[in-house]
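What follows is one structure encoded as structure tokens, with my remarks underneath.
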Amino acid sequence: MWIVIICAGFAAGATPRNEIPIGPGLRALAAPRHLDIGAAVAIEPLAGDPRYRDALARDCSILTSENVMKFGPIHPEPDRYAFEAADALVAFAQQHGMRVRGHALVWHEQLAPWVTERQRTREEWQRLLHDHISAVVGHYKGRVYAWDVVNEAVAEDGTLRETPWLKGIGPDYLEMAFRWAHEADPDAKLFYNDYGESNERKQKAIHRLLRDLLKKGAPIHGAGLQMHMDVDSHPRPSAVARAITRLHRLGLEVHVTEMDVAVPEPFTDRRLGEQAELYRKMMRTCLDTKGCTAFITWGISDRYSWIPAFRRGWGAALPLDAEFQAKPGYRAIRDALSR
Ligand code: XIL
């Protein structure tokens with residue numbers, strides 16, 4: 001009897017030895033700073049892991065669909081859309097009063113095979129893209145706060161990337177995509193999203209591209225900086241601030257859309273400390289630079305990060321560890337928000 005009572009008391013009141021008391025979630029700290037904070041969400045753990053759902057509920061005011069709104073998953077056959085998984089994500093966000101970033105309407109990866117496996121005329125490519133954007137944005141009208149309309153359209157040298165969309169339609173595909181998305185949901189914020197924050201040439205090219213599109217009247221409201229980095233190779237905060245300011249001067253808001261900081265094995269305290277400093281500096285940069293309105297990591301827990309599959313020998317890239325315990329990076333973000 002005694003043992004039962006003592007154990008129950010321990011479970012209810014005390015903190016297990018390695019657990020860090022977390023306090024108010026990041027969401028509560030970001031709200032008074034008028035900053036959205038969030039994570040990309042994978043659908044399997046959303047359905048199957050209560051710890052994942054609890055962490056998202058505690059820390060996020062905005063969620064990005066990691067994969068389920070990409071072309072292949074959501075439009076697997078010419079006449080079939082598979083909205084179920086994305087609908088579940090949107091429903092979870094709504095239950096928790098969170099915003100949703102839809103990712104991504106036009107990209108060259110994770111396309112359905114039926115898109116690329118046959119020849120088409122320019123008109124056919126246009127119709128295909130138009131119908132896709134209208135159907136997906138239309139389905140989520142009023143429920144998706146912001147869309148990554150075009151993802152990664154600029155190559156490392158600053159030219160437009162050779163994608164099926166560029167080859168099929170020509171450079172006008174970007175303007176068309178933004179216009180069609182706007183027609184389908186005039187209230188959604190429309191973003192251009194890309195990586196390469198330390199590549200000044202690419203940043204300038206993105207700036208020029210968006211400036212020219214805006215001049216033509218394309219409905220673009222924001223730019224996303226992906227911010228995938230690692231402890232050895234990362235942009236300087238000053239470069240990030242410069243990119244944000246330049247985009248903001250075009251009248252755009254800027255979201256940090258996919259931040260993670262990969263660490264090489266073994267994941268030592270020293271390396272996790274370096275990672276924490278990067279999270280701290282980038283959060284500070286976002287808070288201190290006018291125009292930065294959201295800070296989103298590409299996942300929330302190391303248990304479900306894309307990094308180990310994508311980069312062999314690297315991982316531990318997110319603020320919570322695989323057991324959902326706060327890492328130094330989590331505390332660094334929290335400290336930057338509480339400052
Ligand atoms: C990644 C997902 O996280 C993986 O699960 C998937 O296998 C590949 O794509 N830039 C982007 C994201 O814009 O869509 C990518 O997401 C990561 C890089």
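Taken over the stretch 30-83, residues that are under 28 Å from GLU323 (Cα atoms) and open to solvent by 40 Å² or more (accessible area, probe 1.4 Å) amount to 10. VAL149 satisfies every condition listed in (1) over 21 Å from LYS202 (Cα atoms); (2) hydrophobic (A, V, I, L, M, F, W, C); (3) assigned to a strand (DSSP E or B) except (1). Within 16 Å of the ligand (Cβ to nearest atom) and of a type in the set (Gly, Ala, Ser): which single residue out of GLY313, GLY299, GLY291 fits that description? One residue alone meets the criteria, GLY299. On the stretch given as the stretch 154-193, residues that are within 17 Å of GLU253 (Cβ to Cβ), in contact with a helix residue (DSSP H, G or I) (Cβ under 8 Å, 6 or more places away or on another chain) and not in a loop (DSSP other than H, G, I, E, B) total 4. Looking at GLU265, GLU258, just one residue is within 16 Å of the ligand (Cβ to nearest atom) and not aliphatic (A, V, I, L, M), and that residue is GLU258.
Remark: pairs (first residue in the stretch 98-110, of a type in the set (Lys, Arg); second residue within 12 Å of the ligand (Cβ to nearest atom); Cβ separation under 9 Å; 6+ apart in sequence or on different chains) = ARG101/ALA40; ARG101/THR64; ARG101/SER65; ARG101/ASP148; ARG101/PHE191; ARG101/GLY224; ARG101/THR257; ARG101/ILE296. Scan the stretch 136-178 for residues that are more than 16 Å from ALA223 (Cβ to Cβ) and in contact with a Lys or Arg (Cβ under 9 Å, 6 or more places away or on another chain) and the total you get is 7. Would it be correct to say that ALA276 is open to solvent by less than 60 Å² (accessible area, probe 1.4 Å), free of Cβ contacts under 8 Å to residues at least 60 places away in the same chain and within 19 Å of LEU35 (Cα to Cα)? Judged against the criteria, ALA276 is not a match.
Considering only residues that are in contact with a helix residue (DSSP H, G or I) (Cβ under 6 Å, 6 or more places away or on another chain) and in a helix (DSSP H, G or I), look in the stretch 311-333 and name the one that is most open to solvent (accessible area, probe 1.4 Å). Filtering the stretch 311-333 for residues that are in contact with a helix residue (DSSP H, G or I) (Cβ under 6 Å, 6 or more places away or on another chain) and in a helix (DSSP H, G or I), the one most open to solvent (accessible area, probe 1.4 Å) comes out as PRO328.
Screening the stretch 95-105 for residues that are open to solvent by 30 Å² or more (accessible area, probe 1.4 Å) and either of a type outside the set (S, T, N, Q) or within 24 Å of ARG161 (Cα to Cα) (or both) and picking the one that is nearest to the ligand (Cβ to nearest atom) gives ARG99. Can you report the number of residues in the stretch 106-120 which are within 12 Å of the ligand (Cβ to nearest atom) and either basic (Lys, Arg) or not in a loop (DSSP other than H, G, I, E, B) (or both)? Residues meeting the conditions: 1. Beta carbons closer than 7 Å, at least 6 apart along the sequence or on distinct chains, pair a first residue in the stretch 150-166 that is of a type in the set (Gly, Ala, Ser) and within 15 Å of the ligand (Cβ to nearest atom) with a second that is at pLDDT 95 or above and open to solvent by 20 Å² or more (accessible area, probe 1.4 Å) for ALA153/LEU160; ALA153/ARG161; ALA155/ARG161. Suppose the filter is outside any loop (DSSP other than H, G, I, E, B) and surrounded by fewer than 18 Cβ atoms within 10 Å (Cβ to Cβ); does PRO308 pass it? It is true that PRO308 is outside any loop (DSSP other than H, G, I, E, B) and surrounded by fewer than 18 Cβ atoms within 10 Å (Cβ to Cβ). For first residues located in the stretch 62-73 and in contact (Cβ under 8 Å) with a residue 60 or more places away in the chain and more than 10 Å from the ligand (Cβ to nearest atom), partners that are of a type in the set (Ser, Thr, Tyr) and not in a strand (DSSP E or B) and lie 6+ apart or on another chain with Cβ distances below 8 Å form the pairs ILE62/TYR145. Note on the stretch 282-330: residues that are of a type in the set (Phe, Trp, Tyr) and within 21 Å of ALA31 (Cβ to Cβ) amount to 2.
The values are calculated or read from the model by the stated rules, or taken from the named source; none is laboratory data. These numbers come from a predicted model, not from an experiment. Neighbour counts are summed over all protein chains in view; Cβ atoms, including those assigned to glycine, are modelled from backbone coordinates with ideal geometry. Just so you know, the surface numbers come from the protein's heavy atoms only, side chains and all, with ligands and any DNA or RNA stripped out. Shrake-Rupley method; radii C 1.70, N 1.55, O 1.52, S 1.80 Å.
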